[in-house]
Each structure stands twice: as C-alpha cells, then as structure tokens.
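A.B. asks: Below is a structure I'd like to ask you about.
A short reminder: the numbers here are calculations on the coordinates, not readings from a lab. This is a predicted model, so every value here is computed, not measured. Using ideal geometry, Cβ is built from the backbone for each residue, glycine included, and neighbour counts are taken over all protein chains shown.
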Amino acid sequence: MARMKFTTSQVGGICGVSQQTVIKWVDSGELEGYRLPNSRDRRITDTGLLRFMKKHGMPTDALEEKGKTRILVVDDEVTIGLFIKEVFRDHQEIEVRAVERGFDAGIVNNYRPHLIFLDIMLPDIDGRRVCELIRKGSGGREVKIIGISGYASSIDRNELEKAGFDDFLPKPFDADTIRNVLEKNAGEKS
C-alpha cells in the first residue's frame, strides 16, 4: 500500500503549530517533505513525520490515530458494508464504518473518512445530493467519494462527476476491486 502523505496544514494540526511553521521545517530540511511539481504545496510522508516527532519529543498519539485509513460505507444493503469490512478485517491500519441511510453520512464531519463508498440510490435521499452535501462540509474536498450502484446502466457518469464523485463502481464488485480503489484513492489522507 502507498505511504501516507500529509499536507502542511494537516501536519500543523497534528503537531499543534501553524502551517507556516511546518513549511519552514520542510524548506529548511528539518522535516522530510517535498514540493509538488508545478505547485507551492508540500507533502510530508508519515514515516518522515514520525521520525521528526520522535526526534523532538512530540507525542505521536495524534499521528498514530491519523495513521489509520478510514473508510465509510453508505449503503442500505447491509451486506455491502459487511463485505467491505471483511475485505479489510486483517488490516489494522484500515478502519471501516458502515451506515445504511444517506442522512447518517453526516458522521463525515466527526469520523473524517479518507474514502467513502456511497450508494447512489438510497431510499431516504439521493446519493448525488449526499455527495454534494459532503463536498460543502468541512473536509469535504479532501475525501474521495466513490459512487456505487446495482443500476449501472441508468447512471450518468457526467452527472456523478458534477455532483462531486471521484469515481463509480457498478455492483457487484469483488475484494480485489475494493482493494484497488483504496490503493488508487487513499494515497493522500487527511
């Protein structure tokens, strides 16, 4: 699995300092990080941050909690959530929560998932609307949202993209597909 990468803002939150302080640490070489090509943004790897925190006697509890990849499954088919939980059962670094209603996706603000599998056709609210609401919320731009549906032929992928989905998976899917989606979409976690 890809190494986790943090933004300077995320590292600031973990270490309790300003984003500017983190930028100075990276630019001076004190904190291992790099600049994104053609951008002013920087990224810090989890291993570099852990080394830095230990070297400076900072508590690593916040980083260790950040180290988990959090997946939220929003699907009225309980078996989908159970299946995805089972796929990652032996992966201590991955935590999966499942909810059955679109309105329960409001836990996004507290749970702060890195990846959401969101059923497009929920009985209580349209999945596209849920996606739009998540995108408007705090942290909603960073999370990767994968639309899922058993009615793939009736799904307009352009409409999904406009609603804010990052990708789409038709049901049924297998464990390898789920693992590949995680690998592709959870490289930069919040």
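A.B. asks: Could you state, as a whole-number percent, how many of the C-alpha pairs of the chain are farther apart than 26 Å? Could the numbers behind the result be given before it?
C.D. replies: On the way: 6486 of 17955 pairs.
The answer is 36 percent, as a whole percent.
A.B. asks: Using Cβ contacts closer than 10 Å as the measure, can you line up I116, I14 from fewest to most? Intermediate values should be presented prior to the final figure.
C.D. replies: Details: I116 26, I14 21.
The order, fewest Cβ neighbours first, is I14, I116.
A.B. asks: Taking the Kirkwood radius as the inverse of the mean 1/r across Cα pairs, report the Rg/Rh of the range 21-90. Walk me through the numbers on the way to the answer.
C.D. replies: Working: Rg = 17.6 Å, Rh = 15.0 Å.
Rg divided by Rh gives 1.18.
A.B. asks: A follow-up question, please. If neighbour count is taken as other Cβ atoms inside 10 Å, put L115, L49 in order from fewest to most.
C.D. replies: In order of increasing Cβ crowding within 10 Å: L115, L49.
A.B. asks: Divide by every residue of the chain the summed helix terms, -39500 (n - 2.57) for each DSSP H run of at least 4, and state the resulting mean residue ellipticity at 222 nm, rounded to the nearest 500 deg cm²/dmol. Write out the running numbers ahead of the final one.
C.D. replies: Values: 9 runs with 76 residues, N = 190.
Value at 222 nm, helices only: -11000 deg cm²/dmol.
A.B. asks: Please report D166, D126 as a ranked list, fewest other C-beta atoms within 10 angstrom at the top and most at the bottom.
C.D. replies: D126, D166
A.B. asks: With a sphere of radius 14 Å drawn around the Cβ of V78, what net charge do the other residues whose Cβ falls strictly inside it have (Lys, Arg +1; Asp, Glu -1)?
C.D. replies: The answer is -3.
A.B. asks: Can I ask one more? How many Lys pairs in the range 67-190 lie less than 18 angstrom apart by Cα atoms, where the lysines are 8 or more positions apart or on different chains?
C.D. replies: 11
A.B. asks: In addition: Tally Lys and Arg at +1 and Asp and Glu at -1 over the other residues with C-beta under 12 Å from the C-beta of G150: what net charge comes out? Can you show the working numbers first?
C.D. replies: On the way: positive: K171; negative: D75, D76, E77, D119.
So the environment of G150 carries a net charge of -3.
A.B. asks: Top mean-square fluctuation among K54, K68, K171, Gaussian network model of the chain, C-alpha springs under 10 Å?
C.D. replies: Evaluated over the chain, the most mobile residue of the options is K54.
A.B. asks: What's the local net charge at D126, with K and R +1, D and E -1, over the other residues with C-beta under 12 Å away?
C.D. replies: Net local charge, D126 excluded: -2.
A.B. asks: Still on this structure, please answer the following. On the Cα set of the range 1-51, report Rg and Dmax in Å, please.
C.D. replies: Using the Cα atoms of the range 1-51, the pair Rg, Dmax is 10.1, 30 Å.
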